[in-house]
Amino acid sequence: MNTKKFLPLAATAVAAVVALAGCGAAGGSSSSGTSTPGMDHGSSSASASSPATASDHNSADVTFAQMMIPHHTQAVEMSDMILKKQDIPAEVTALATRIKDAQGPEIEKMTGWLKGWGEPTQMPTGHSMDGMMGAEDMTKLEAAQGVEAAKLFLTQMIAHHQGAVTMAKTETTDGKDTAAVQLSKDIVSAQETEIQEMQTLLATL
């Protein structure tokens, strides 16, 4: 008789423990978030937005990033070349430094987007990029010295920037990802300003 009465009570107690454990787990998660609110909300927001970010892009965004990465990489390489040379006008070395400092982080940013989208970080073969220097152009820049090197750098970089502006304007028109479109606008603004600066510098050398 006592045993029969005990069994329902035991079942009730077990259910209560399970319910409390569930609350405790939820409470533990909540308290963890409370202890580091910034990090908790940030990670929740990031995980919630990741699927949207992965799907909220189109082929124009992918092409823009895949093409602009090697384009920027070459601009950084050209800047490194001029920065290693002697007797380069200070205005030219300052410009090369700015180009390198701006485009290096943008390469990392676009690489991160492509990985986040689940897209290849390298562009498929067969795509041409406006303003890219050929191997012969790069060899000439490597060999040039002094003012002649500065003139060649400016001439090449003007063409290089004009190509980047063309590609960026295509992304501004056709792109879907908000961050990628914003970067394209930033590139147009910054590089059009630098083109004018380089044209002025070139005229003084």
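Throughout, read-outs are computed from the coordinates displayed, never taken from laboratory work. As the structure is a prediction and not an experimental result, all values here were calculated from the model. Glycine also receives a Cβ, built like all others from the backbone with ideal geometry; neighbour counts cover every protein chain displayed.
Laid out as a table, the results:
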quantity: Table column - 3J(HN,Hα) (Hz), the stretch 129-146, Karplus curve with 6.51, -1.76, 1.60, x for Gly and Pro; calculated: 10, 5, x, 6, 7, x, 4, 5, 4, 5, 5, 5, 5, 4, 7, 5, 9, x
quantity: Restricting the stretch 76-171 to GluC sites (Glu not before Pro) in coil, as DSSP defines it, with at most 10 other Cβ within 10 Å; calculated: none
quantity: Residue 176 long-range amide H proximity, modeled H, under 5 Å; calculated: 58, 61
quantity: Whole-Å distance, taken between Cα centres, linking the stretch 131-154 and the stretch 89-108; calculated: 16 Å
quantity: Residue 111 paired with residue 83, simple spin-label distance in nm, labels 7 Å along Cα-to-beta-carbon; calculated: 1.6 nm
quantity: The stretch 119-205 shape via C-alpha gyration tensor axes, a/c threshold 1.5; calculated: oblate
quantity: Hz values of 3J(HN,Hα) by residue in the stretch 171-178 - Karplus curve (6.51, -1.76, 1.60), Gly and Pro given as x; calculated: 5, 4, 7, 9, x, 10, 5, 4
quantity: Restraint check, 84/115; 84/185; 115/169; 100/185; 151/185; 84/140, Cα-Cα greater than 21 Å; calculated: 84/115; 84/185; 115/169; 151/185
